[in-house]
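Below you'll find the structure, written out as structure tokens, and then a few comments.
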Amino acid sequence: MFIAALCFLLITVILITVIKKFPDFTDGIYTKWSVSVMHTLSDVFSFAKYSIAEILIYVIASAFLISLIILIINLIKRQNRLSRIFKYITAWVLMISITAFLFYALWGGMYYSKGIYTYILVDDADVRNRPVEELVELNKHLIYKANEHAEKVTRNEQGYYTGYEFNRISTLTAQKVSKTTNKEEAIPKYVISSNAWSYTQTTGIFIFLTGEANINSNNLAIALPFTCAHELAHRNGITSEDEANFFAFYTLYDSSDINLRYSAYAMTLIHTMNSLYSKDADAYKELASTYSDKLRHDYDRYSEHWDRYEGEISEMSSKANDTYLKAQGQSDGIFSYGRVTDIMLAWYEKNIDSE
């Protein structure tokens, strides 16, 4: 087992080196392979409405706990202690090395691919830092659209936005994403333990072992379509978080369903306005004052919802996510989520500002 673990680790290192050194291979053969495998896996596991990946995680966690208990019992009995400890550690190192190999062989190498530029007509050279005046104009456009949609979506007597129907919205989102990817997308799935999961402040996660887009169902209508589209982006080889956010906007903003359009504009506006605040707080305040009462109400409800789950667990989750992203070559870590603004500005100049 120890030799096998070393072999898998060596093969993984070689694979990562090839992926990094040969972009033509990565953007060609590897990308087609990875996207095809992810869709095949998602189709295989599409029979269940709930997340198979979540069940798999519980099984692995249980196996680890049970094996640890067995090890402790055997150590107490003083039976071949060193041998048992070595075998236990080796077995789990082998499992980790196999998982690492599968990660990069099936999907992880997409961190070094063209990503979003496979799907959009925006040149990478156009994605750059721009004057704050351009960012102001982008935000004005997004605010206008978000205000417009906030007035039209269905609300109850208390004024609450009531567009949350998980099965319907996730299905519509998958169908809309299919038009961009030219592949029939398996529908995103809800996580059974969504309420508990909320304490990690995680709204969705993509698991490469099953190709599933896993969604925290404990969310609000304003965010659900955007989150579903974001996770589906990962299935299609868009690993970068900022690019996945842009993919969600790009896919949904022209949808025939108003709930999908509203989510695209409202959630993207959060990112672009945060970017504006970091550059010009006064300009941010001036534009924020133009939010309609209904848009502001929806934002307030969204903030209040997630504020309830803040704490040590969410901080630990954030640090873990930051470490993971940096390990995959995203030097900005969790702050890479904010770079969607640069792509939005390039898109706005090419598609809206030039009209």
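Table for the structure above
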| quantity | calculated |
| --- | --- |
| Residue under evaluation residue 78, criteria (1) surrounded by 12 or more Cβ atoms within 10 Å (Cβ to Cβ); (2) among the basic types (Lys, Arg); (3) in a loop (DSSP other than H, G, I, E, B), criterion not met | (1) |
| Any hit, the range 107-118, residues being at negative phi and without any contact (Cβ under 8 Å) to a residue 24 or more places away in the chain | yes |
| Residues satisfying the stated conditions in the range 24-38, i.e. over 9 Å from residue 210 (Cα atoms) and either part of a loop (DSSP other than H, G, I, E, B) or not small (Gly, Ala, Ser) (or both) | 24, 25, 26, 27, 29, 30, 31, 32, 33, 35, 37 |
| Spans of helices (runs of 4 or more DSSP H) in the range 127-240 with at least 1 residues of a type in the set (Lys, Arg) | 132-152, 166-181, 224-235 |
| Residue in the range 270-278 that is at negative phi, surrounded by 20 or more Cβ atoms within 10 Å (Cβ to Cβ), under 15 Å from the mean Cα position of the chain (by Cα) and of a type in the set (A, V, I, L, M, F, W, C) present | no |
| Which listed residue is farther than 19 Å from residue 250 by Cα and at pLDDT 95 or above, from 129, 214 | 214 |
| Single residue of 196, 213, 174, 248 found to be touching a Cys at 6+ places or on another chain (Cβ under 9 Å) and surrounded by fewer than 22 Cβ atoms within 10 Å (Cβ to Cβ) | 174 |
| Filtered residues of the range 221-273 (kept if of a type in the set (S, T, N, Q) and either in contact (Cβ under 8 Å) with a residue 12 or more places away in the chain or not assigned by TED's automatic domain parsing to the domain that holds residue 166 (or both)) | 227, 236, 239, 240, 245, 251, 255, 259, 263, 268, 272 |
| Whichever residue in the range 84-104 is among the aliphatic types (A, V, I, L, M) and surrounded by fewer than 18 Cβ atoms within 10 Å (Cβ to Cβ) and, among such residues, is nearest to the chain's Cα centre (by Cα) | 102 |
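Matching residues to (1) more than 19 Å from residue 241 (Cβ to Cβ); (2) over 22 Å from the mean Cα position of the chain (by Cα); (3) modelled with pLDDT of 90 or more; (4) basic (Lys, Arg):
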{"site": "282", "(1), (2), (3), (4)": "yes, yes, yes, no"}
{"site": "285", "(1), (2), (3), (4)": "yes, yes, yes, yes"}
{"site": "288", "(1), (2), (3), (4)": "yes, yes, yes, no"}
{"site": "291", "(1), (2), (3), (4)": "yes, yes, yes, no"}
{"site": "296", "(1), (2), (3), (4)": "yes, yes, yes, yes"}
{"site": "303", "(1), (2), (3), (4)": "yes, no, yes, no"}
{"site": "310", "(1), (2), (3), (4)": "yes, no, no, no"}
{"site": "318", "(1), (2), (3), (4)": "no, no, no, no"}
{"site": "326", "(1), (2), (3), (4)": "no, no, no, yes"}
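The values are calculated or read from the model by the stated rules, or taken from the named source; none is laboratory data. The model shown is predicted, which means the values in this text are computed figures rather than measured ones. FYI the Cβ positions are ideal-geometry reconstructions off the backbone, even for glycines, and counts take in every protein chain you see.
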